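The values are calculated or read from the model by the stated rules, or taken from the named source; none is laboratory data. This is a predicted model, so every value here is computed, not measured. Cβ placement follows ideal geometry from the backbone for every residue including glycine, while neighbour counts extend to all protein chains displayed.
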Amino acid sequence: MLKIAICDDEKSQINLLKNILSIHLDLKGLDYKIYEFDCGESLIDSITKENYDIIFSDIEMKVLNGIDTAKNIRLHNKKSIIIFVTSYPDFVFQGYEVKAFNYILKPYKPEKIGQVLNSALEELDEIQDKFYIVESKSKTEKINLSNTYYFTSDRRKVNAVTFTETIDFYDKLDNLEKNLPSFFVRIHQRYLININHVSSVESSSLVINKETLPISRGRYNSFMIEFAKTMLR
């Protein structure tokens, strides 16, 4: 089931957005549930109980604004797609650090909401947990790619550095690069990284999971193009 949260301190705006979303989702024949919140605090409280696929949040709320609400959400949930709604275009640049997916300006235009919703659904399909099957130490293992920071090679052996462990197996990064989803980007002869987990970039290196990894000179420009795309999502 698709789970969507709407957070706005104006009930009329919640109802309007909910109705427009429902029309689009019904036409797609999707199974969904829309949750309503009238303040950022109540949305944050619910995060430990529900995993929302998409969150629509107003930016200008009275007590806790949408940006601060999103910062709190990201402490517990890195995967939810966050879409800000606002009456003021000047606010749209504030969502960088919480990786906002998109923005919708008020007053709502149904066609714009439909476009953003379609993009969000495509993104969800892309980031849903995918697995890579490997033979490791005489057993078959499933590597959760969404929870993998990077792959690194040492001759014929590859190490998958994940959220919880490092898994070593026999393969080649060239082979992985061809077969893994597009959010894995080659930055060096020895490193294939999950671009969704990059926290910062320097002129010849990046930081991922508090580790600094080198970016080879010949791969820097192509990497920065892909990294810029993640900032626009």
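Key figures for this structure:
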| item | result |
| --- | --- |
| Output for segment 160-183, where each listed residue is over 24 Å from the mean Cα position of the chain (by Cα) and within 11 Å of residue 136 (Cβ to Cβ) | 168, 169, 170, 171 |
| Residue match in segment 210-225 (condition: part of a helix (DSSP H, G or I) and charged (D, E, K, R)) | yes |
| Failed item, numbered, when residue 99 is tested on (1) buried (at least 18 other Cβ atoms within 10 Å of the Cβ); (2) in contact (Cβ under 8 Å) with a residue 60 or more places away in the chain | (1) |
| Total residues in segment 138-155, condition surrounded by fewer than 18 Cβ atoms within 10 Å (Cβ to Cβ), part of a strand (DSSP E or B) and touching a Ser or Thr at 6+ places or on another chain (Cβ under 8 Å) | 1 |
| Residue match in segment 130-137 (condition: surrounded by 18 or more Cβ atoms within 10 Å (Cβ to Cβ), touching a residue at least 40 places away in the same chain (Cβ under 8 Å) and in contact with a His (Cβ under 9 Å, 6 or more places away or on another chain)) | no |
| Segment 200-209, subset of a type in the set (Gly, Ala, Ser) and not in a loop (DSSP other than H, G, I, E, B), residue nearest to residue 163 (Cα to Cα) | 200 |
| Any hit, segment 114-122, residues being surrounded by fewer than 12 Cβ atoms within 10 Å (Cβ to Cβ) and among the β-branched types (Val, Ile, Thr) | no |
| Any hit, segment 186-205, residues being over 27 Å from residue 81 (Cβ atoms) and either among the acidic types (Asp, Glu) or outside the structural domain of residue 139 (by TED's automatic domain parsing) (or both) | yes |
| From the options 23, 44, residue that is among the β-branched types (Val, Ile, Thr) and touching a helix residue (DSSP H, G or I) at 6+ places or on another chain (Cβ under 6 Å) | 44 |
| Residues located in segment 99-137, provided they are under 19 Å from the mean Cα position of the chain (by Cα) and not in a helix (DSSP H, G or I) | 99, 100, 101, 102, 103, 104, 128, 129, 130, 131 |
| Only one of 126, 165, 177 that is acidic (Asp, Glu) and modelled with pLDDT under 90 | 126 |
| Residue match in segment 15-34 (condition: touching a residue at least 40 places away in the same chain (Cβ under 8 Å) and in contact with an Asp or Glu (Cβ under 8 Å, 6 or more places away or on another chain)) | yes |
| Selected residue [within 20 Å of residue 178 (Cα to Cα) and hydroxyl-bearing (Ser, Thr, Tyr)] from 88, 132 | 132 |
